[in-house]
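Have a look at the structure below before the remarks.
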Amino acid sequence: MNICFFSREYPPETHSGGIGTYTYNMAMALSRLGHTIHVITSTEHSEGSYQDNGVVVHRLRSRRIIPKELWHFNYSYAAAKKVSQINCMFDIVQSSEFASEAFWFALNKIFPLVTRLATPMYLSEELDGRTLFRPSLLLNWMEKKQTLNSDGIFTSTRSLARVVTEKWGIEPSRVEIIPNSVDVSRIMKLAEDRPAPEQLKGKDFLLYFGRLEERKGVRVLAQALPSVLERCPSLYMVFVGSDLGFRGTSLRKYIQKRSGRFRERLIFFDNQPQEVLFPMVHLSKLVILPSLWEAFGFVCVEAMALGRPVIATSGSGFEEIIENDISGFLVKPGNSGLLAEKIIHALDDEKGLLRISEGARQRARDFDAAKVAVRLVDYYQKIKEEWLKKKTICKVA
């Protein structure tokens, strides 16, 4: 099949989150299956097209404009224009709903469009404790319009499907569940290719990796840490990720303040490339992911692929990844006391950690990109056939 992805995030230049991770993993997996893959993405430098391991990457200059809605609208127009300029008859165009990259294309489709629900802007705002002000309401409308105008809609978890279909009035049967994926063999190779940073050598440490932001439960973890670090006097806590703050306050400073006399056992790194990050993950005792709500959680599967026991939260997408006490641990979100108890209990049970470690490795294989790509192609084929059937009916009419 000929497949085109819209993804402003795409490594190495613009890889900043889960959408970029998803697109890269799936583009590579589909290319290895013999499909023709194009990715339309952004750049802050010179525009151009090039090949990356068989995937054709087109980078569009993304000029930031105020208000941001105009920026998103202009970018969606540029992406739609680029599709029409590529000398390829695409069977499927795929985009996430976030930031409405395919908004313009959805209004003027020349190929079937599939929207993958990642995390809509309204949900991100709610989870970060921000209310939707007028410009964000406009972007929410653009995301919703793109999704409703799509020929197919899918998402990674039932949790996200339920939340978005209720909010946007989408018939639940329209939304297919296809899990996100990771390249397990690549993760393992990157973890073994180089040593972890010097600061971590010889240390036992817990690890949080991801953006430091409210919806990731970082403040809850900060509140849990003093009792954990007091109980485990040789243990360190490592944070890897950019500090997005909360209501104008640095979350790194908040964590340091809450840790009091234990702050010397906190280690912070800014966002790191995967070749630096994965050796750190591989060395950790436990990975802690205390999100208040999570659509899926790539970081969870990445850690599990390396056999790291993960403590994550119940009530959202993590529940569809982790089998509690088999391939990881789940705790109620927003409760620092329960989180501290779970961390201490897990660390006290070395045999249990070994069992969970093996369960995590086994479970991660269910999300391997090669396996998920086959399911995605079957879905694409169904959407393409429905598109062609509609076009035939329109011509007859």
- Starting from the Cα of Lys351, step 7 Å along the direction of its Cβ; do the same at Asn87; then give the gap between the two resulting points in nm. 6.7
- So how compact is the range 184-366: Cα radius of gyration and Dmax in angstrom? 14.9, 43
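For a footprinting-style exposure proxy, rank Asp348, Asp368 by other Cβ within 10 Å, fewest first. The partial results should precede the final answer.
On the way: Asp348 11, Asp368 19.
Going from least to most buried by this count: Asp348, Asp368.
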- Tell me, what HN-Hα J-couplings in whole Hz come from the Karplus equation 6.51 cos²θ - 1.76 cosθ + 1.60 at θ = phi - 60° for each residue of the range 228-238, using x for Gly and Pro? 5, 5, 5, 5, 10, x, 9, 8, 10, 10, 10
- Under 22 Å between C-alpha atoms is the cut-off here; go through the range 184-366 and count lysine pairs that meet it, provided they're at least eight residues apart or on different chains. 16
- Item | Antiparallel %, DSSP beta bridges [both residues in the range 184-366], to 5 | 5
- Note on the structure: DSSP beta bridges in the range 138-291: the antiparallel percent, rounded to 5, is 5
- Of the beta bridges DSSP finds with both residues in the range 47-124, what % are antiparallel, to the nearest 5? 55
- Item | Structure-derived Cα extents along the principal axes in Å - corresponding label in (1) 73, 56, 42; (2) 74, 44, 42; (3) 72, 40, 38 | (2)
- Message: To the nearest 20 Debye, how big is the dipole of the chain about its Cα centre, given +1 on the beta carbon of each Lys and Arg and -1 on that of each Asp and Glu?
- Response: 720
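Would you calculate, for the chain, the mean residue ellipticity at 222 nm contributed by helices, counting each DSSP H stretch of 4 or more residues as -39,500 (n - 2.57) and dividing by all residues, to the nearest 500?
Roughly -14000 deg cm²/dmol at 222 nm, from the helical runs in the chain.
What ranking do 215-228, 272-285, 241-254 get when scored by the average of other Cβ atoms within 10 Å per residue, highest first? Please list the in-between numbers first.
Values: 215-228: 22.9, 272-285: 19.1, 241-254: 15.3.
Highest to lowest by the protection proxy: 215-228, 272-285, 241-254.
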- Can you pull the one-decimal nm distance between simple spin-label points at Lys332 and Val374, each 7 Å off the Cα toward Cβ? 4.1
- Amide H to amide H, which residues 5 or more places from Leu212 or on other chains are under 5 Å from it, using H placed in the peptide plane? Ser242, Asp243, Leu244
- Message: Quick query: amide H of Asp128 versus all other amide H atoms, modeled in the peptide plane; which residues come in under 5 Å with a sequence gap of 5 or more or a different chain?
- Response: none
- Ordered by fewest other Cβ atoms within 10 Å, a rough proxy for footprinting exposure, Lys145, Lys82 read Lys145, Lys82
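Each value in this text was obtained by applying a stated rule to the coordinates, not by laboratory testing. This is a predicted model, so every value here is computed, not measured. No Cβ is skipped: glycine too gets one built from the backbone with ideal geometry, and neighbour counts run over all protein chains shown.
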